[in-house]
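Shown next, in structure tokens, is the structure this report addresses.
The values are calculated or read from the model by the stated rules, or taken from the named source; none is laboratory data. Quantities reported herein were computed from a predicted structural model and do not represent experimental measurements. Note that each Cβ is placed from the backbone with ideal geometry, even for glycine, and that neighbours are counted across all protein chains shown.
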Amino acid sequence: MFGKTKKKIFSSNMLFKSKSKKPKIGLALGGGGARGFAHIGAIKAFEEYGLKFDYVCGTSAGSIVGAFYAAGYNYEQMLKVAKEIDVGDIRTSKLLIVPSKSTGLENVIKNELGDINIQDLPLPFSAVAVDIISTEECVITKGNLAKAVAGSCAVPGIFQPVVFEGRHLCDGGLQNTIPADVPKLMGCDYVIAVDVNKSRNYGTESTKLIDVIGCTIRILMKGNVVKGYLYADVMIKPETKRFKSTKKEGYLDMIDEGYKATIDVMPEIMKVFRRKPLKLKAKVKYINEDRVVI
């Protein structure tokens, strides 16, 4: 299914050989429901090219893959989890009008990574969610990993809000679908981001509740990708339009699309790393009024 491995252009260890301090590289993984399987393909490509990250941040589906990456899982391990996971493991409610609890997703995280805190991960990690009490975007850097990831994935109407540290968390895509700005705020010099849902801008003729909710969320999130594209040094955009964001069907093809899209931009990544990094404030004045780092 996957193409033959191309010859490596560089390895991260070779690329930054100099007397100066090695730059910090951040990875930002965007939301997109089941299309998030494409992130796993990107991880495969990063491994083949020897590219390692110093910080990882994710929103919604991106927070799931990001958590596994931060825990030290490689491509093969993630693929095994992808094969075994079922939508029924995550969606606890069988009724469309009744939002699911977060326990299903939490159990997937706990069963694989353990009931651990974010601080226990080998690689610095944060999940992006939105607190519907304060309406603030929350960058979660500590606390229970399973709860944080579940909160980042709690799409309104599909999942119940997740109670976390006195907050009621919902899907981070409500404010920051591709959190490329977060690694920059955390001190990274370069950020590689993955947008697994670039075809989000489409409507629906259906009047079914689930379709209307899905379309509504897409409309909201359409404007929330701006920060991702603004702060990413390189944006990887797999072709996932033909896949449904609510179904696992075709997940191997999604992984393949993520792999191919990442391989295609490797020369661009190499070129970016060879230029002087742009600091956050050098790009645009950042306003931090509606964000809280937990």
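Of the strands (runs of 3 or more DSSP E) lying entirely inside segment 99-194, those carrying at least 2 residues that are more than 17 Å from the chain's Cα centre (by Cα) and more than 19 Å from Leu29 (Cα to Cα) are 162-164, 167-171. Counting the residues of segment 139-155 that are hydroxyl-bearing (Ser, Thr, Tyr) and farther than 19 Å from Gly33 by Cα gives 1. Quick one: Gly72 ticks every box in (1) surrounded by fewer than 17 Cβ atoms within 10 Å (Cβ to Cβ); (2) at negative phi except a single one, so which number is it? Failing condition for Gly72: (2). Does segment 78-96 include one or more residues that are in a loop (DSSP other than H, G, I, E, B), over 30 Å from Gln160 (Cβ atoms) and modelled with pLDDT of 75 or more? Checked against the condition, which is being in a loop (DSSP other than H, G, I, E, B), over 30 Å from Gln160 (Cβ atoms) and modelled with pLDDT of 75 or more, segment 78-96 yields no hits at all. Can you tell me which residue in segment 243-276 is nearest to the chain's Cα centre (by Cα), limited to those that are surrounded by 20 or more Cβ atoms within 10 Å (Cβ to Cβ) and assigned to a loop (DSSP other than H, G, I, E, B)? By that ranking, first place goes to Ser245.
Being at pLDDT 85 or above, of a type in the set (Lys, Arg) and farther than 24 Å from Ser152 by Cα holds for only one residue in Lys237, Lys279, Lys285, Lys260, and it is Lys260.
Table: residues versus (1) within 18 Å of Gly66 (Cα to Cα); (2) surrounded by fewer than 20 Cβ atoms within 10 Å (Cβ to Cβ); (3) without any contact (Cβ under 8 Å) to a residue 40 or more places away in the chain; (4) among the aliphatic types (A, V, I, L, M).
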residue: Asp115; (1), (2), (3), (4): yes, yes, yes, no
residue: Ala150; (1), (2), (3), (4): yes, no, no, yes
residue: Cys153; (1), (2), (3), (4): yes, no, no, no
residue: Gln160; (1), (2), (3), (4): no, yes, no, no
residue: Gly166; (1), (2), (3), (4): no, yes, yes, no
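Of the residues screened, Asp171 is one that is of a type in the set (D, E, K, R), touching a residue at least 60 places away in the same chain (Cβ under 8 Å) and within 30 Å of Phe243 (Cβ to Cβ).
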